[in-house]
Structures are given as C-alpha cells and as structure tokens.
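Colleague: This is the structure I have questions about; it appears just below.
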Amino acid sequence: MTESTPLQQAILNERLHLAEGSAQLRAAYEAHPLTATLLHGRAKLVDGAIIRLWKACRMPAEAVLIAVGGYGRGELFPCSDVDLLILLPSPPDEQLQAQLSTLVSALWDVGLDIGHSVRTIEQCLDAALADITVQTNLLEARRLTGELALFDEFTARYREQLDVRTFFKAKQLEQEQRYARYHDTPYALEPNCKESPGGLRDLQMLGWIARAAGLGRNWRELARRRLITGDEASDLRSVERFLQHVRIRLHYLTGRAEDRLLFDHQENLARIMGIEPAAGRRASETLMQRYYLTAKKVTQINGILLQNYGTEIFPGRSSPAIVINARFQAVRELLDLRNEDVFERHPSALLECFLLLQQRSELKGMTARTLRALWLNRNRINATFRADPANRALFIEILKQKRGIVHAFRRMNQYGILSRYLPPWRKILCQMQHDLFHAYTVDQHILMVLRNVRRFTMGEHAHEYPLMSRLILSFDRYWLLYIAALFHDIAKGRGGDHSTLGMADARDFCVDHGLDAEDTELVIWLVRHHLTMSHVAQKEDTSDPEIIARFATVVGTERRLTALYLLTHADIRGTSPKVWNGWKGKLLEDLFFATQRLLRGATPQQALGLDDRQEIARHLLRYHGLRLGVEDALWAQLDAVYFMRHSAEEIAWHTRVLYFRPNADEPVVKARVSDEEEGVQVMVFAADQKDLFVRLTGFFGRMGFSILDAKVHTTRHGYALDSFMLQDTSNSARYRDIVALIEHELGALLLNPGEPQRPSSGRISRQVKHFPVTPQVSLRADEAGRHYILSLTAADRPGLLFDVAEVLAKYGISVQAAKIATLGERVEDTFLLTGGGLSQDAQVLRVERELVDRLQV
C-alpha cells in the first residue's frame, strides 16, 4: 500500500475536523437555538480548515485568500456555499495555476461547496464595475490569510472606486427585478425564505447599502443615526433571527441548501420549531402565518429604510414642501405629514392619505415618517372610527377613484389599515389555502382579484381583455365590483359555505356605507354566486338549452350577468398563474353570450345560436373555396346536439376534413394547434368501436397530454365523431411539431386497435402528497331523465381519466360529453352518460363505488 502524501493526510484530517465540528455546532444549536452562535461558529470552523489547506498547498506568500459574500460577512448557513477570492499581485503563471487547481480540488475533497475566483486588483475592479453582484460580494471582503499589504491596497482602491449613488440605484433595481421573479408578493404558498420579497435578501440588501454609504454596520447603528427607530431596530433583529432559524432548520431538515418552504417540508419544519396543531389548524399553517407576518414586517421596514437611505445619499434632492391641506404636504413627490401628531388629532387622515395619493398623480408614494406613523396609529381605527359617516364616505371615495385603487388597498393591507377598518379581514390575513390550485394566501388572492377587475377598466390592458374592457366601461357604477371582489372570499376558513357567510359581511358593509337597495342587492348576490358561473361553464353541458335557461333564471338580469362574468373572469385569473387558460375563457364567453341572448328574448335554441352557427360555418366553407352544398351529405348524419356542442369554426373544420368521405372506410384523425397556441385540438372520425373512449384516453395519456375538453358524438349512421382539446402536462411541448405525430400514431392505433393500453402511472405531485383530496363521485339523472350526469372530484394524477373511462366501459356506459376541469392539482370533471342500466339504483351504486376505489391516490 502506498503511503498518503502530506496533502492527502491534511485533506483527510480536515474532512474529519469539519464533520466533527459541524456535528458539535448542530448539537449545540438544537440544545440552545442561537443563530449567531451557529452562523459565526460555522464560518470560524471553515476558516480554520481553509487556512490550513492553503498552507498545506504551499501557496505563495504574496497571494491573499479572501472570504467574500455571506461568508465574508462571517455568517455561514449549514449547507451554504463558500465564496472565496484568491487575490494575486499579477496573473498566475503555469506553476501557480497548477497550485491553485490543487487547492480548489482539496477544498472540494474536504466537503466544502466552493465558489471561487482568481483575480488581480485590476481584474477585481473591472469585474465590480461590470457586475453589481461582484461589486456586492467584494463589499464584504474579509482577509483569511496572505499578504496584508495587498489586501489593504485592494480594499482602499475598491472603496475609492465605489460610487455609492450608483450602487444604491443598482441595488434598488436589483430588488425590483427579484420581486418581479416572485410575482411581487411575499405571500406565495411556497415562498423562498432567502430570495422572496420579505426574505433574508431584503435585510442583506439594507445592510449592503448601509455599509457602502458608511451609514452603519448593524441595526443598532442605524437607529443611532435616526434612520430607523429603536423599536424598528428591535423588530429587525427579531425578524432576522426568525428567518435565519427557518433557513437553518431547512438546511438541516433537507441536508442541502434548500431555501424554499415547500409543502413537503412545512409540517416537519413546524414540528422541529416546536409548533403544535391547535384549534383545528395544522402546525404548518401556524408556522406559515408567522412567516408571512414576518415577511410583511420586513417589507414595511425595507420601504421605510430605503427612503431614508435615499435622503442621506442624495441630500441635494430636497425641495421646498408644497402644502396640500392642513394635514398633508408634498415633499420630493411624496405625501408627507405636516405634523407628527396629524393622525392623533385627525384620525380620519388615516384614510384621507390614501385618497390624496389617488387624486394627485404627481405623488409617487408616502414619506418614511408617514408610513411609520400609519403603522403606529392603525389602532385608532376602532368601532367609533368605523361608525363615523365621514370615514365611511372616505372609504367609498377611495373605491370610486379613477386611479390608484390597487395600490391603495395593497398599502392599506400592508400597514394594517384594512384589517382595522374591515374586521372580517383580520380572519383571512396571511391565511393559507390548501385547495391545490390557489397560489396565494386568502387576503392576497382577494387583492389579486381586485387588481384584475381594476385592469378591465384600464386602456393599457384593453388588448389583453377586449371584451372585459368593453363590458366594464359600459357598466354603470363599476366600483361596486370592487366591493364584491373584496368580500367574495372574506369568509373563508370559518367553517361552512364561505359564499353564504360572506353575504352577511357584504350586507353589513353596504348598509353601513349607505348604498341603495339595488346596489346592495347586487353586491350581496355576487358574493353569494361568485362560483356559480364557473361551475356551470366548466362542469355542466352548456349545449343543453335547459342548462342555459336554468342559469338565466338564477341570473335574472343582464346587469347581473355582466357583473358575474367580470367577477368570475377576475377570480379565476387571480387564483394562480397556472389555472387560467384560453379554453376556460372560451367556456365562460360562450355561456355569457348564450345567456345574454336568452335574457334579451331569444328562445333557448336561439340563445345557443344553432341557426347562426350553421350559417357562419357555411360562410367559412365558402371562404375556404368549397362550393355550396358540399356539406349536405355529412350534415344529414349530424343531429342538433352536435351543432349545439360545437362552434361554427369547429363545424367548418370538421366539414372541410370529412365532406368528401362521410362513410370513410378507415379512421380519420386530424389535429391542429389551438388559436392561442395553448394546446392541440384533435378530431377522430371512425366507425364506432368497442372501448373507443378508453383507447383514446390511454393514447393521450401515454403521449403526456391532459384532456381539457372532450366532445363525444355518434352520427346517425353509426360513426364516432369525437373531438378533444389537449394540453401538454409538462408545458414543454412544441405543439406545431407534434401534430403530424398525433395524426400518424393515433390513426395507426385505431386501424389496429387491440386491447386498450393504460398510460404509465407517473409521479404524484408534492402538493397532492401533502394535501390529499378525498375522492367524491356523484351519478344522477338529469332533469329530463334522458342522460345521466357523473360529477367527480379527485387529486390529479397521470392515468386518472383512463381509469374513469375503463370503469364506464366495463359497465357498458357511453360517454356523450366530458368537461375536464383541472384546477392546479385538483380535478373536477363532469361527464354526460347514457346506457349501462343506469336507471337501476343498484347499478349506479356499483359504478360509484368502483370509481371511488379507482380514484384513490
């Protein structure tokens, strides 16, 4: 056996030393959780190992080994990487490059995750000018070992080059870009405790700017300079420690540098942090609510401190105050208190300040002292304040303004004004939603819906929502929709039907604020029915005239219909960026127009536009060069149900493909990219065959597609004419590239069918694992008794639709239509069925039981 070299022995020793030291630090932390002790202790532990390896590699005396970034700050989280700068007086020759390579390899071999750079002073300065990240890392440079004179020269030249004003602007821009990556909210259900708004990065950025500008090296020094109050410095220390605890625990829990509070970790993390379930709430909900309140505090003080930094860094930008009224003035385009005790002497100014921001477009926000005073005086909003007619009038005026609605309500929520003025709001503040499709807390979802309604009124968004914009601008007193948005989910989490419970809150608000009976009734009705239109559009057969007539009866008037359509559209878009798609938009739009025609006096058949649809389809056929009458042979085999279920454009597409082969000997498969390129439409025309629907769902599942919509039709002469809307479950498909593949592969399968093949099971999502959905199945006859409606709710998973189709085929049940509504990780599907002895209760019970068994995850 060959003897190990001194370097190999040093690597072995340091690996053991680091492992033992890390274990001791962890044990000490778990016994007495002190973040500073752990973070500084780990940095010191790593310092020693790196310095000893530097010497073991015989690095030249004139070089300097420097810790940068968080490691340079002397803080090292359990699994964080170790950022190093090797500073040289001149570029390395071949021999030194070999030594450097040996050093870096040794550092990796001892188990450190190294990020390193090798530069001269000039190269450091050039890199700092070109990249704000490099400049920030070098700001916290800490010498570990090596030539002191070279390090001193580097720090002096770095300081000389550092332009504090440019640095400040760059860090502000960097924060804005980072916020945008996280959708400008700290309240995502799986936030990143380091990078999300309100996370550790916000606090680090405040420290970087203070250090660069020489304003202070810790929160206490900033308080001494009156940039923050003593209470704010104490708050900052508290929230910083909490976020550090969360990140440390995450690293230990996962064994890697994991900074995301994923559903997988939230319950275990809560338990480790000593949080127990209580009052019907999971421990993870309590943990996350505390996290959100912490992030909220961080963003509050971040905004205040950045303003104060700006005043210090740009002292020449001050200008004379412009008096607005007896209570407020404008200072540097910001709303400012004229006296510190304004809110104490005039509590109504707590609302007035938001109204002034809306009314005066030159104002870009509030001064730091105004924001601070808002927070400190929020508790002056009490029952007496809420009962004051003047304050109620102010709140309604805020809702009626032409601009600044969303900013006003976000600020009110941020600084505790909204939860004081609307007591029910307190119960949803930072409240999580475990329904697998909402991406935000309840309060943030409501504000997203408010934002969406507001966008419908704005010209710059008209290209995104042309129909919404046209409808809302012709809707008298559209600010009533803002009230409906505020209250539509305000009763979530109380137990019971939140729509019904929310009606009482909405009624109290409307009566208290002097709305007339008609407007009050509209708001209450919208809160009660805010889920109705979505349910009908996505889960019922909207080609059935009776469904449209029943929905029209619920709506009653065109004004209500328009209001509900606008609110529904805004609500679905406000759940999650992943939930909305063009197909759902089309379902809502079709239901809106059909109901509108019915309310204007059309018959149910006319409301569905059957005659108009056929006429438009004929025009489209002529447009494509087909002579009059070519459609007659095919259309003679299609009944009214077909024409009611398909749009004029779909009818024309089917006809162009099939008019010359209405009795095709072989299956016909055609596919095309949907209008908004959000998926693929597939049409199948073939002599009807056993298990066809099962075979099709299996094929689409194996191809990795999710079925959004299925229209299954049997012609008068026994052919299946089925159409599907498909979407790639991984969102990675280039739809135009796979159209031909679908046509070829599916055509071959239907030509030689064989036994239906089940798609692979795949992996169940993290959300479903941690927030399971109990399957629910309901199979009932429709009102006419001609069809049966199967409604099912379950957690989404690969192969789910195939399992449903297989059970139905087993009992000889035919699928006439399917509405597949996937809401995040939850499916709510509806099928229109015939056959299979469904008139017998025992048979219905057997089908329901087997479906429940197959839907279990």
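Colleague: Might you let me know whether region 83-103 holds any residue that is within 28 Å of Glu312 (Cα to Cα), within 38 Å of the chain's Cα centre (by Cα), open to solvent by less than 10 Å² (accessible area, probe 1.4 Å) and touching a residue at least 12 places away in the same chain (Cβ under 8 Å)?
Modeller: Step one: filter region 83-103 for residues within 28 Å of Glu312 (Cα to Cα), giving none.
Among the residues of region 83-103, not one is within 28 Å of Glu312 (Cα to Cα), within 38 Å of the chain's Cα centre (by Cα), open to solvent by less than 10 Å² (accessible area, probe 1.4 Å) and touching a residue at least 12 places away in the same chain (Cβ under 8 Å), which makes the answer no.
Colleague: Within region 726-736, can one find any residue that is open to solvent by 20 Å² or more (accessible area, probe 1.4 Å), farther than 25 Å from Gln538 by Cα and in contact (Cβ under 8 Å) with a residue 12 or more places away in the chain?
Modeller: Yes, that holds for at least one residue.
Colleague: Looking at region 219-310, what helices (runs of 4 or more DSSP H) fall wholly within it and have at least 2 residues that are in contact with a Lys or Arg (Cβ under 7 Å, 6 or more places away or on another chain) and farther than 18 Å from Leu34 by Cα? Don't jump to the end; show me each part of the working.
Modeller: On the way: elements: 219-224, 230-254, 263-272.
Per the criteria, 263-272.
Colleague: Continuing with this model, one more query. What tally of residues in region 68-77 results from selecting those that are open to solvent by less than 20 Å² (accessible area, probe 1.4 Å) and of a type outside the set (A, V, I, L, M)?
Modeller: 5
Colleague: Ok, one more. Specify the residue that is surrounded by the fewest Cβ atoms within 10 Å (Cβ to Cβ); the eligible residues are those in region 600-610 that are modelled with pLDDT of 80 or more and not hydrophobic (A, V, I, L, M, F, W, C).
Modeller: Among residues in region 600-610 that are modelled with pLDDT of 80 or more and not hydrophobic (A, V, I, L, M, F, W, C), the one surrounded by the fewest Cβ atoms within 10 Å (Cβ to Cβ) is Gly601.
Colleague: Give me a count of the residues in region 578-593 that are of a type in the set (Phe, Trp, Tyr) and modelled with pLDDT of 90 or more.
Modeller: So the first thing to find is which residues in region 578-593 are of a type in the set (Phe, Trp, Tyr), and the list is 580, 583, 592-593.
Then drop every residue that is not modelled with pLDDT of 90 or more, which leaves 592-593.
Residues in region 578-593 being of a type in the set (Phe, Trp, Tyr) and modelled with pLDDT of 90 or more: 2 in total.
Colleague: Next up: Could you tell me whether any residue of region 415-431 is open to solvent by less than 10 Å² (accessible area, probe 1.4 Å) and polar (S, T, N, Q)?
Modeller: no
Colleague: Out of the residues in region 672-691 meeting the condition of being open to solvent by less than 10 Å² (accessible area, probe 1.4 Å) and not β-branched (Val, Ile, Thr), tell me which one is farthest from Ala817 (Cα to Cα). First the steps, then the outcome.
Modeller: Keep residues of region 672-691 that are open to solvent by less than 10 Å² (accessible area, probe 1.4 Å), which gives 679-680, 682-686.
If we keep only those that are not β-branched (Val, Ile, Thr) as well, we get 679, 683, 685-686.
Working: Gly679: 19, Met683: 14, Phe685: 15, Ala686: 17 Å.
That would be Gly679.
Colleague: Sticking with this one: Yes or no: Leu262 open to solvent by less than 60 Å² (accessible area, probe 1.4 Å), touching a Leu at 6+ places or on another chain (Cβ under 7 Å), in contact (Cβ under 8 Å) with a residue 40 or more places away in the chain and aliphatic (A, V, I, L, M)?
Modeller: Details: open to solvent by less than 60 Å² (accessible area, probe 1.4 Å): yes; touching a Leu at 6+ places or on another chain (Cβ under 7 Å): no; in contact (Cβ under 8 Å) with a residue 40 or more places away in the chain: yes; aliphatic (A, V, I, L, M): yes.
It is false that Leu262 is open to solvent by less than 60 Å² (accessible area, probe 1.4 Å), touching a Leu at 6+ places or on another chain (Cβ under 7 Å), in contact (Cβ under 8 Å) with a residue 40 or more places away in the chain and aliphatic (A, V, I, L, M).
Colleague: Listed residues Ala43, Ala61, Ala49; which is more than 18 Å from Ile121 (Cβ to Cβ), in contact with a Gly (Cβ under 8 Å, 6 or more places away or on another chain) and of a type in the set (Gly, Ala, Ser)?
Modeller: Working: Ala61 fails: more than 18 Å from Ile121 (Cβ to Cβ); Ala49 fails: in contact with a Gly (Cβ under 8 Å, 6 or more places away or on another chain).
Within the list Ala43, Ala61, Ala49, the selection yields Ala43.
Colleague: With Tyr482, Tyr465 as the choices, which residue is in contact with a helix residue (DSSP H, G or I) (Cβ under 8 Å, 6 or more places away or on another chain), among the hydroxyl-bearing types (Ser, Thr, Tyr), closer than 25 Å to Gly582 by Cα and open to solvent by less than 10 Å² (accessible area, probe 1.4 Å)? Step through it out loud before you land on a result.
Modeller: Working: Tyr465 fails: open to solvent by less than 10 Å² (accessible area, probe 1.4 Å).
Going through Tyr482, Tyr465 in turn, the sole match is Tyr482.
Colleague: Pull out all pairs, ordered by first then second residue, where Cβ-Cβ is under 9 Å, the residues are six or more apart or on different chains, the first lies in region 795-810 and is of a type in the set (Val, Ile, Thr), and the second is surrounded by 24 or more Cβ atoms within 10 Å (Cβ to Cβ) and assigned to a helix (DSSP H, G or I).
Modeller: Short answer, once both residue conditions are applied: Val804/Thr697.
Colleague: Scan region 281-303 for residues that are under 21 Å from Glu176 (Cα atoms) and among the hydrophobic types (A, V, I, L, M, F, W, C) and report the count.
Modeller: Number satisfying all stated conditions: 4.
Colleague: Here's something else I'd like to know. Identify, please: which residue in region 511-544 is among the small types (Gly, Ala, Ser) and without any contact (Cβ under 8 Å) to a residue 60 or more places away in the chain and is, among those, nearest to Val453 (Cα to Cα)?
Modeller: Ser534
Colleague: Look through region 300-359, keep the residues that are of a type in the set (Ser, Thr, Tyr) and under 36 Å from the mean Cα position of the chain (by Cα), and return whichever of them is least open to solvent (accessible area, probe 1.4 Å).
Modeller: First, pick out the residues of region 300-359 that are of a type in the set (Ser, Thr, Tyr): 309, 311, 318-319, 348.
After this cut, where a residue has to be under 36 Å from the mean Cα position of the chain (by Cα) as well, the list is 309, 311, 348.
On the way: Tyr309: 0, Thr311: 64, Ser348: 45 Å².
Once the filter is applied, the top-ranked residue is Tyr309.
Colleague: Which of (1) under 30 Å from Arg26 (Cβ atoms); (2) surrounded by fewer than 16 Cβ atoms within 10 Å (Cβ to Cβ); (3) of a type outside the set (Ser, Thr, Tyr) is the odd one out, the single condition Arg282 does not satisfy?
Modeller: Condition (2) is where Arg282 drops out.
Colleague: Which is buried (at least 20 other Cβ atoms within 10 Å of the Cβ) and at negative phi, of Arg627, Arg645?
Modeller: Arg645
Colleague: Determine if region 21-43 includes at least one residue that is over 23 Å from Arg247 (Cα atoms) and either touching a residue at least 24 places away in the same chain (Cβ under 8 Å) or touching a helix residue (DSSP H, G or I) at 6+ places or on another chain (Cβ under 7 Å) (or both).
Modeller: First pass over region 21-43, keeping only residues over 23 Å from Arg247 (Cα atoms): none.
No, because not a single residue in region 21-43 is over 23 Å from Arg247 (Cα atoms) and either touching a residue at least 24 places away in the same chain (Cβ under 8 Å) or touching a helix residue (DSSP H, G or I) at 6+ places or on another chain (Cβ under 7 Å) (or both).
Colleague: Being in a helix (DSSP H, G or I) and modelled with pLDDT under 90: is that true of Gln596 here?
Modeller: Values: in a helix (DSSP H, G or I): yes; modelled with pLDDT under 90: no.
Spelling it out, it is not the case that Gln596 is in a helix (DSSP H, G or I) and modelled with pLDDT under 90.
Colleague: Let me ask another. Report, by residue number, each residue of region 23-68 that is under 25 Å from Val239 (Cβ atoms) and hydrophobic (A, V, I, L, M, F, W, C).
Modeller: Correct list: Leu25, Ala28, Ala31, Leu34, Ala36, Leu38, Leu39, Ala43.
Colleague: Any residue that is of a type in the set (S, T, N, Q), out of contact with any helix residue (DSSP H, G or I) (no Cβ under 6 Å at 6 or more places or on another chain) and either at pLDDT 95 or above or closer than 25 Å to Glu540 by Cα (or both) - is there at least one of those in region 656-671? Talk me through it step by step, then tell me what you get.
Modeller: Taking region 656-671 first, the residues of a type in the set (S, T, N, Q) are 663.
Keeping just the survivors that are out of contact with any helix residue (DSSP H, G or I) (no Cβ under 6 Å at 6 or more places or on another chain) gives 663.
Then drop every residue that is not either at pLDDT 95 or above or closer than 25 Å to Glu540 by Cα (or both), which leaves none.
There is no residue in region 656-671 that is of a type in the set (S, T, N, Q), out of contact with any helix residue (DSSP H, G or I) (no Cβ under 6 Å at 6 or more places or on another chain) and either at pLDDT 95 or above or closer than 25 Å to Glu540 by Cα (or both).
Colleague: Tell me whether region 329-343 contains one or more residues that are more than 30 Å from Thr166 (Cα to Cα), in a helix (DSSP H, G or I) and either at pLDDT 95 or above or out of contact with any Lys or Arg (no Cβ under 7 Å at 6 or more places or on another chain) (or both).
Modeller: If we filter region 329-343 for residues that are more than 30 Å from Thr166 (Cα to Cα), which is where we start, we get 338-343.
From what's left, in a helix (DSSP H, G or I): 342-343.
Next cut, either at pLDDT 95 or above or out of contact with any Lys or Arg (no Cβ under 7 Å at 6 or more places or on another chain) (or both) only: 342-343.
Yes, because at least one residue in region 329-343 is more than 30 Å from Thr166 (Cα to Cα), in a helix (DSSP H, G or I) and either at pLDDT 95 or above or out of contact with any Lys or Arg (no Cβ under 7 Å at 6 or more places or on another chain) (or both).
Colleague: To continue, here is another question. Does region 555-563 contain at least one residue that is open to solvent by 20 Å² or more (accessible area, probe 1.4 Å), under 23 Å from Leu418 (Cβ atoms) and not β-branched (Val, Ile, Thr)?
Modeller: Taking region 555-563 and keeping what is open to solvent by 20 Å² or more (accessible area, probe 1.4 Å), we get 556-560.
In the following step, the residues that additionally are under 23 Å from Leu418 (Cβ atoms) were identified as none.
No.
Colleague: Of the residues Gly274, Gly280, which is at pLDDT below 90 and more than 17 Å from Ala210 (Cβ to Cβ)? Let's see the steps before the verdict.
Modeller: Values: Gly274 fails: at pLDDT below 90.
Going through Gly274, Gly280 in turn, just one is at pLDDT below 90 and more than 17 Å from Ala210 (Cβ to Cβ): Gly280.
Colleague: Is region 38-56 home to any residue that is farther than 30 Å from Pro89 by Cβ, within 40 Å of the chain's Cα centre (by Cα), open to solvent by 40 Å² or more (accessible area, probe 1.4 Å) and at pLDDT 95 or above? Lay out the reasoning, then the answer.
Modeller: Keep residues of region 38-56 that are farther than 30 Å from Pro89 by Cβ, which gives 38-42.
Then keep just the ones that are within 40 Å of the chain's Cα centre (by Cα); that gives 38-42.
If we keep only those that are open to solvent by 40 Å² or more (accessible area, probe 1.4 Å) as well, we get 40.
Okay, now just the ones that are also at pLDDT 95 or above, so 40.
So far as region 38-56 goes, yes, one or more of its residues are farther than 30 Å from Pro89 by Cβ, within 40 Å of the chain's Cα centre (by Cα), open to solvent by 40 Å² or more (accessible area, probe 1.4 Å) and at pLDDT 95 or above.
The values are calculated or read from the model by the stated rules, or taken from the named source; none is laboratory data. Just so it is clear, the structure is predicted and the values come from calculations on it, not from any experiment. Every residue, glycine among them, receives a Cβ derived from its backbone with ideal geometry; neighbour counts consider all protein chains shown. Surface areas here come from the heavy atoms of the whole protein model, side chains and all, with no ligands, DNA or RNA. Shrake-Rupley method; radii C 1.70, N 1.55, O 1.52, S 1.80 Å.
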